[in-house]
Amino acid sequence: MALDGRDPVQIDDALRPALFDWLCRLGDNALILGHRTSEWCGHGPALEEDIALANTALDLIGHCQMWLGLAAEVEGQGRTADQLAYLRDAMAFRNVKLVELPNGDIGQTIMREFLFDAFHFELLTALSTSPNTRVAEIAAKALKEVAYQLDRASDLVVRLGDGTEESHARMQAALDHLWPYTGEMFTADAVDTAMTEAGIAPDLSDLHTRWTATVKDILDEATLTLPERRFDVHTGGKQGRHTEHLGYLLAEMQFLQRAYPGAEW
Amino acid sequence: MYAQMIKSESSNDDPQALAEFQARIDRGERIEPKEWMPEGYRKTLIRQIGQHAHSEIVGQLPEGNWITRAPTLERKQILLAKVQDEAGHGLYLYSACETLGVTRDELFEKLHSGAMKYSSIFNYPTLTWADMGAIGWLVDGAAIMNQVPLQRTSYGPYARAMVRICKEESFHQRQGYSIMMKMAQGTPAQKEMAQDALNRFWYPSLMMFGPSDAESVHSTQNMAWKIKINTNDELRQRFVNETVPQAEYLGLTVPDEHLRWNDDKQGYDFSEPDWDEFFEVLKGNGPCNEERLGARRKAWDDGQWFREGLSAYADKQAARRTAAE
Amino acid sequence: MVTASTDQIWEWLAEVPDPEIPVVSVTELGIIRDVRWDDDTLRVAVTPTYSGCPATAVIDMMVEDKLREKGIEKLALERRLSPPWTTDWITDSARDKLRAYGIAPPVNGTASDGRMSRAARLAGSNLTIECPRCGSTHTDKVSQFGSTPCKAAYVCRDCLEPFDYFKCH
């Protein structure tokens, strides 16, 4: 469907490759986290969680479709969101490593969602007033669902952190495990800098300040301890240098498109 | 059709009260949760609605099996939404069951111990993407065939649940048919998958209605109570009549050499499924019984710390509120 | 060729039911954002309710079918994302229909803002939702999500009815 018959994205041609790359980061984060979340379908710890996890995955795949759709348009090579999702190999994926890690137990899944949502929420909030209207309208749409997800994830982190001894221990272990992957979200590279300088995206260090405040607040209420370890140990996903896990994820996700090239589904 | 072979419970209630109750049902009145009902009616309903709820929950698994491999982003969304829908309907039905004085945890316990059943269909594997189409088209089609009359069932919360559930399920059934359509019109390999899916799911779908119950005393009682509206054979015949032309439209062949139109009865003659296989599946000897039930038990066991954590927090909060007052 | 007035088009679109909650129409839900003629082409702007809602494509198809049936030949559907859909756009008539269908309508101004306050959590405060069956406000939330993204599951503690609440979004 035509996107409101409006003009193609107004962008300096020199900036086009960086914008494409950056939009893939947004789309791939949503796609890969959505994929991991969807692995829970039917296996959740309570019926309410089965429903919520399916809904969260659904939201994220919806966001991915909007971002990758715009990325494909910006690229201008005639590719579609589906082709970007299904026909790129790992090194062309631009998601942060945090979202591709295996789920672990439900505590780790929720902690990951919280750490990512808290970033995602700040990012989309800033992007919803981006002067690039195409970016802004997708961000504003996605923000409504991400606000809900952040509320839910924060609430669960607090309740499980301040629950039983076991739930506390599991949430702390999840936090310790995931912490060194969180820094990548805020580590700016040339693409991020180009987007910030073009006025399209916010400065990642500002987001980091706000993210830290939310995270500290919630972890404090959850009686969990912020790890002392560096938070930017594992980076590179945004540049296509991933963990070993992504290849398996893609092999599964892309199986039909790869096994039956050109078929329509 | 998620409730199979529901045995009715006999009642030891006062004959006069029973007669008045029956008269209410015969007048087409709805029975509501806080009203008097025979113990047998209550127990039978718990069994039926509970089995229906369990089927929704276990039914997430065969489709969940393909979510991570769905071939396009839109198909992935449709499948995710469908699985969410099933879990949501499960929740709704468990809540309807709770109005009859049983808790969801008790029902789960009975599912996990094997004391309560779920529909036999979910013990068959989903082997190719076409199975997502076959489930939407055939399995949901059979379920809807059963649920549409249940919108007129005598128990209020169940009947009202069925109205909303039917609307949502028919939405998903259309999407299942559209997967089948794409495959049947696709490449030779896709068409082969579609035919294979029909071959595998045809008879198990017919089994969903349960064996003939024209002679069954349970059926007679349940129909008098309007817990059951049609006989299994009536529903199966309706399903075949509706589905065969759809298969023809898709260009697929129903795997039944005896299938033919019968002008006299204005319906198709068709082969019965293998009822020995059906009873084996019910006994636990279907292709996926252990996996399906095993997955649900594992989810429950692995989730214990999670549920305990939440309830411990709720207790602490309640204590904090009391302390603050 | 049919060149109906836009008022007429709106009336036709009011006949298109929501695919999952067919007691309300797509116009009552506020998802048709604009109808206009562009020379001899009719342009209809549709907004998705939730980003991942698979009913969106079905709604497009139903809108198209309806307008073709009425004789519109040149038709262009547009996806409009901005401003994002909100349940505030659901009409009063639709709210009544939802209630009669057993779904409690959304309470405006209660959408998540991503900042669920500590105070709210500590108070365990819950939105008061009226049971669509008996009108009691003695109801509890069972699940924040229901069978579709737009709903949450509730139960009435008076008449015991399990019901859906159409969440504010």
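Read-outs: derived from the displayed coordinates by stated rules, not from any lab. Keep in mind that what you see is a predicted model, and the values were worked out from it rather than measured. Using ideal geometry, Cβ is built from the backbone for each residue, glycine included, and neighbour counts are taken over all protein chains shown.
Quick rundown of the values:
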read-out: Antiparallel DSSP beta bridges within region C:60-169, percent to nearest 5; value: 80
read-out: Gyration tensor (alpha-carbon) shape descriptor, the protein assembly as shown, a/c threshold 1.5; value: prolate
read-out: Sequence-distant lysines (8 or more away, or on other chains) whose Cα lies within less than 22 Å of residue B:316; value: A:216, C:141
read-out: Reachable lysines, given that their alpha-carbon falls under 19 Å from the alpha-carbon of residue C:66 and they are not under 8 places away in the same chain; value: C:74
read-out: Cβ charges +1 (Lys, Arg) and -1 (Asp, Glu), total dipole of the protein assembly as shown, debye; value: 680
read-out: Computed magnitude of the charge dipole of region A:158-262 (debye, nearest 20; Cβ of K, R +1, Cβ of D, E -1); value: 360
read-out: Estimated D of chain A in µm² per second, where Rh is the Kirkwood radius over Cα pairs and Stokes-Einstein applies at 25 °C, 0.890 mPa s; value: 130
read-out: Cβ-placed point charges (K, R +1; D, E -1), dipole of chain B about Cα centre in debye, nearest 20; value: 1100
read-out: log₁₀ of I(q)/I(0) at q = 0.11, 0.13, 0.14, 0.21 Å⁻¹ - region A:123-265, Debye sum with one point per alpha carbon; value: -0.60, -0.82, -0.93, -1.28
read-out: Region B:84-225: projected area of the alpha-carbon convex hull, averaged over directions, in nm²; value: 9.6
read-out: For residue B:267, residues with placed amide H under 5 Å, excluding near neighbours; value: B:262
read-out: Number of Lys pairs (Cα under 30 Å; 8 or more positions apart or on different chains) in region B:159-292; value: 10
read-out: Under 23 Å from residue A:141, Cα to Cα: lysines that are on another chain or at least 8 residues apart; value: B:76, B:82, C:151, C:167
read-out: Estimated FRET transfer efficiency when R0 is 56 angstrom, pair residue C:8-residue A:206 (beta carbons, to 0.05); value: 0.65
read-out: Tilt relative to chain A, helix A:106-127 - C-alpha long axis, 0 to 90 degrees, to 10; value: 50
read-out: Estimated inter-spin distance, residue B:109 and residue B:224, nm [label 7 Å along Cα→Cβ]; value: 3.2
read-out: Angle in degrees between helix C:92-101 and the longest Cα principal axis of chain C, rounded to the nearest 10; value: 60
read-out: Contact order normalised by residue count of region A:134-228, Cα under 8 Å, 6+ apart, percent; value: 37
read-out: Förster radius 35 Å - calculated FRET efficiency between residue A:213 and residue C:140 (Cβ-Cβ, nearest 0.05); value: 0.60
read-out: Nitroxide proxy distance, nm - points 7 Å out along Cα→Cβ at residue A:259 and residue B:23; value: 6.4
read-out: Computed FRET value (nearest 0.05) for residue C:93 with residue C:73, which takes r as the C-beta separation and R₀ as 30 Å; value: 0.45
read-out: Sequence-separation-based contact order of region B:108-252, relative, with Cα cut under 8 Å and 6+ spacing, percent; value: 30
read-out: Order of C:151, A:144, B:283 under a 10 Å beta carbon neighbour criterion, fewest first; value: B:283, A:144, C:151
read-out: Phi-based couplings in Hz for region B:182-188 (Karplus 6.51, -1.76, 1.60; Gly and Pro marked x); value: 4, 5, 5, 9, x, 6, x
read-out: For A:130, C:143, order by how many other beta-carbon atoms lie within 10 Å, fewest first; value: A:130, C:143
read-out: Across the protein assembly as shown: Cys residues that no other cysteine approaches within a C-beta distance under 4.7 Å; value: A:24, A:41, A:64, B:97, B:166, B:288, C:53, C:150, C:168
read-out: Estimated inter-spin distance, residue A:92 and residue A:228, nm [label 7 Å along Cα→Cβ]; value: 4.6
read-out: Helix C:55-69 axis, angle to chain C major axis (alpha carbon atoms, nearest 10°); value: 40
read-out: Sorted by Cβ neighbour density within 10 Å, fewest at the top, the residues C:61, B:180, B:116; value: C:61, B:116, B:180
